[in-house]
Amino acid sequence: MAQPNIVLIVADNLGWGELGCYGGGALRGAPTPRIDQLAREGTLLHNFNVESDCVPTRSALMSGRHPIRTGCLQSVPPGLPQGLTRWEVTLAQVLSQAGYAAAHFGKWHLGDIEGRYPSDRGFDEWYGIPRTTDESQFTSTVGFDPSVVDLPYIMEGRRGEPSRQVKLYDLDSRRGIDEELVDRSVAFMQREVGRGTPFFLYLPLVHLHFPTLPHKDFAGRTGNGDFADSMVEMDHRVGQIVDEVERLGIAQDTLFIFCSDNGPEFRAPYRGTAGPWRGTYHTAMEGSLRVPFIARWPGRVPAGRVSNEVVHVTDLFTTLAAVGEGEVPADRPIDGVDQRAFLFGETEKSAREGFIFYIKQEMRAVKWRDWKLHFYWEPEVNQGQGKLESPYLFNLTRDPKEETDVLVFNTWVLGPVLKMIKAFNDSCERSPNTRPGAPDPA
């Protein structure tokens, strides 16, 4: 089979319980009919897992490696070392080397200096923000001093050329940026279809990251405030991409994925919901780990399928590389596993049983099958008890809120979990982790 086009849309801080197809939608004052339809036409995962915040998840997706390996542990302010070192191989590089045209439109957050922008890391072109969207508030904040911090800009770049600043990223441009990202995505798809080139479109939207402000055309649309208006806009933007794929006649040749980078926001007034799961991003609770994931590829990905099998964001790297006939690096540990057989319905079982979960330098928890072992306890951000002398064990099927520790009855679970940890630690000994802020290799 010819290499398919790959469309990967990543929402920002979209909680598990926000969309209609995950029990939210109208209940949240924001119907999401376009994404709900996408779910009916494809496979919806209940147990797709990500990292604790933006940088770790995006690095895991792009490298297929846990953030503790790459040094991409947290968001940092402008002007400080951040992002993936050039030693890491990105998904865009893998697919580009396999013959794909690759474009990035949206939030990057994996490097804000020459050599680390998307157009330096495998993408043919990019447009968006190099860091995070809360920077759009900078210039409107009382007391802001532009002499001590870099001003935020929307930027663009092309392979082989320096990236450039396009315009100030302020609250006005925050409201309009997702519209721009979709317009550029549509133009990119049109060009590449005309050329007959398989393409990789990576569209990390800005919604619903705070400040969660809708485009002017959507302001007041729901009557339920900016958050609901923004969710309705996000649904519309996804629908625009779906419509263009259909109009171009490439749906049968396109693997279309929609997911989120993190669990819901915890800060008022932008706090979201993870549905039945407890917690928000920046914790090790299920509300942080589990996020929406929908995949559609007519004739390949089963339609109307729902699964609670464990899948991790690093698996996207390995799976999409395989789908695109790319070559995964063999000179370093790759944590992502190839999920093609599961995704295409050839097996009902995921290719993984669990994973480790770090926040910064601390291994906070491990998931294995239906079990979750916590080594630290912080059910709400900044309300932690520190490291536990006796870990907490929860069965996530019987106790989705992670309220009743059952380790005393199930110490047998420690065996497979600790073996998983040992195997990971051994791999870090063989291939040492990159420290945060490390420079690029000479």
Given a Förster distance of 51 Å, report the FRET efficiency between T347 and T141 from their Cβ-Cβ distance, rounded to the nearest 0.05. 0.50
Can you give me the convex hull volume of the Cα atoms of the stretch 214-371, divided per residue and expressed in Å³? 162
Mean Cα-pair separation over length for the chain, i.e. relative contact order, pairs under 8 Å, 6 or more apart, %: 25
Out of M420, P379, M363 - ranked by how far each Cα lies towards the positive end of the dipole of the stretch 354-430, with unit charges on the beta-carbon of charged residues - the top one is M420
In whole angstrom, note down how far apart the Cα centers of the stretch 376-424 and the stretch 319-358 are. 25
For N308 and D426 in the same chain, what is the full-extension length gain: residue separation times 0.36 nm, less their Cα-Cα distance, in nm? 39.5 nm
If you average the sequence gap of Cα pairs under 8 Å that are 6 or more apart and divide by the length of the stretch 354-430, what percent do you get for the contact order? 20
Using every Cα-Cα pair within the chain, state what percent have a distance larger than 36 Å. 21
After finding the eigenvalues of the alpha carbon gyration tensor for the stretch 287-340, what semi-axes result from the square roots of 5 times each, listed largest first in whole Å? 22, 17, 7
Note to self: C-alpha centroids of the stretch 181-253 and the stretch 139-162 sit apart, in Å, by 24
Using the per-residue mean of other Cβ atoms lying within 10 Å as a proxy for protection, in what order, highest first, do the peptides 231-240, 283-292, 154-163 fall? 283-292, 231-240, 154-163
Which of the aspartates and glutamates could be linked to K167 by a straight reach, that is with a Cα gap under 20 Å, when you skip same-chain ones fewer than 8 residues away? D112, E114, E125, D134, E135, D145, D150, E156, D178, E179, E180, D183
To the nearest 0.05, how large is the calculated FRET efficiency for A2 and D399 if R₀ is 45 Å and r is the Cβ-Cβ distance? 0.45
Listed highest first by mean packing, meaning other Cβ atoms within 10 Å per residue, what order do 38-44, 205-211, 414-420 come in? 205-211, 38-44, 414-420
Determine, for each peptide in 60-69, 242-251, the mean count of other beta carbons within 10 angstrom over its residues, then list the peptides with the highest first. 60-69, 242-251
Where labels lie 7 Å past Cα in the beta-carbon direction, separation of A187 and R247 in nm: 1.4
Need one number: % antiparallel among DSSP beta bridges in the chain, to the nearest 5. 55
From zero outward in steps of 5 Å, how is the percent of C-alpha pairs of the stretch 326-396 spread across the bins? 3, 13, 17, 18, 15, 13, 11, 8, 2
What list of whole percents do you get for P(r) of the stretch 354-430, with Cα-Cα distances grouped in 5 Å bins up to the one holding the largest distance? 3, 14, 26, 27, 17, 9, 3, 0
Step through the table entries K216/K360; K387/K422; K107/K422; K372/K419; K107/K367, compare each Cα-Cα distance with 26 Å, and write down the pairs that go over it. K216/K360; K107/K422; K107/K367
If one builds a Gaussian network model of the chain from Cα atoms under 10 Å apart, the most fluctuating residue listed among W371, W277, W108 is W371
Give, in nm to one decimal, the length gained when the segment between V149 and E327 is fully stretched (0.36 nm per residue of separation minus the Cα-Cα distance). 60.1 nm
Just need the relative contact order of the stretch 250-380 here, percent rounded to a whole number, with Cα pairs under 8 Å and 6+ apart. 21
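Since every read-out is calculated from the coordinates, none of them should be taken as a lab result. Keep in mind the model is a prediction, meaning the values are calculated, not measured. All Cβ positions, even for glycine, are placed from backbone atoms using ideal geometry, and neighbour counts span all protein chains on display.
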